[in-house]
Amino acid sequence: MIKIYHYSSLFERKLYLFPKEQRRIIIEEINLFTQNPFEKSFNTHPLKEKYQGYYAFSIDKNLRIMFRPKNSDFTEILFYDIGGHEIYK
C-alpha cells in the first residue's frame with residue numbers, strides 16, 4: 001500500500017491537459033492504485049534501459065502512468081509522467 005505520493009511538475013502539467021471528466025477518472029484510478037499497486041488490472045511493471053528504476057501502470061489500453069518508488073517497500077512514490085506509449089521515449 002502506498003502511503004505517500006507526489007506529482008512531478010511534468011505529471012501535473014500533463015494531467016491538467018486532460019478534459020475535466022477524464023482527469024476525475026484518472027484521479028480515481030490513482031486512488032485505487034495506491035491501495036494495491038500490483039493489482040493485476042493495472043499491469044504494473046518495471047521499466048528498462050534509460051528508465052531503469054521507474055515503473056509504469058495502465059489506466060486503460062492507451063493511457064500509462066510512469067512512477068518511481070522513493071523506497072524499497074513502495075510506501076512512497078513519485079508519479080513522474082502520464083500519457084500514451086510516447087512517455088517511454
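A few comments on the model shown:
- PHE42 passes every criterion in (1) touching a Ser or Thr at 6+ places or on another chain (Cβ under 8 Å); (2) under 13 Å from ILE2 (Cα atoms) apart from (2).
- Of ASP60, ASP81, all but one fail to be modelled with pLDDT of 95 or more, among the acidic types (Asp, Glu) and more than 21 Å from MET1 (Cβ to Cβ); the exception is ASP81.
- Flag for PHE38 being among the hydrophobic types (A, V, I, L, M, F, W, C), free of Cβ contacts under 8 Å to residues at least 60 places away in the same chain and not in a strand (DSSP E or B): yes
- Looking across segment 37-82 at every residue that is under 22 Å from PRO19 (Cβ atoms) and among the β-branched types (Val, Ile, Thr), the one that is most open to solvent (accessible area, probe 1.4 Å) is identified as ILE59.
- Checking the stated criteria, ILE2 turns out to be open to solvent by less than 80 Å² (accessible area, probe 1.4 Å), more than 18 Å from LYS89 (Cα to Cα) and more than 10 Å from the chain's Cα centre (by Cα).
- Checking each residue in segment 49-83 for being farther than 13 Å from PRO37 by Cβ, among the charged types (D, E, K, R) and assigned to a strand (DSSP E or B) picks out ASP60, ARG64, ASP81.
The values are calculated or read from the model by the stated rules, or taken from the named source; none is laboratory data. In this text the structure is predicted, and so the values were computed from the model without any measurement. With ideal geometry, Cβ positions are generated from the backbone for all residues, glycine too; neighbour counts draw on all protein chains shown. To get the accessible areas, we keep the full protein, side chains included, count just its heavy atoms, and leave off ligands, DNA and RNA. Shrake-Rupley method; radii C 1.70, N 1.55, O 1.52, S 1.80 Å.
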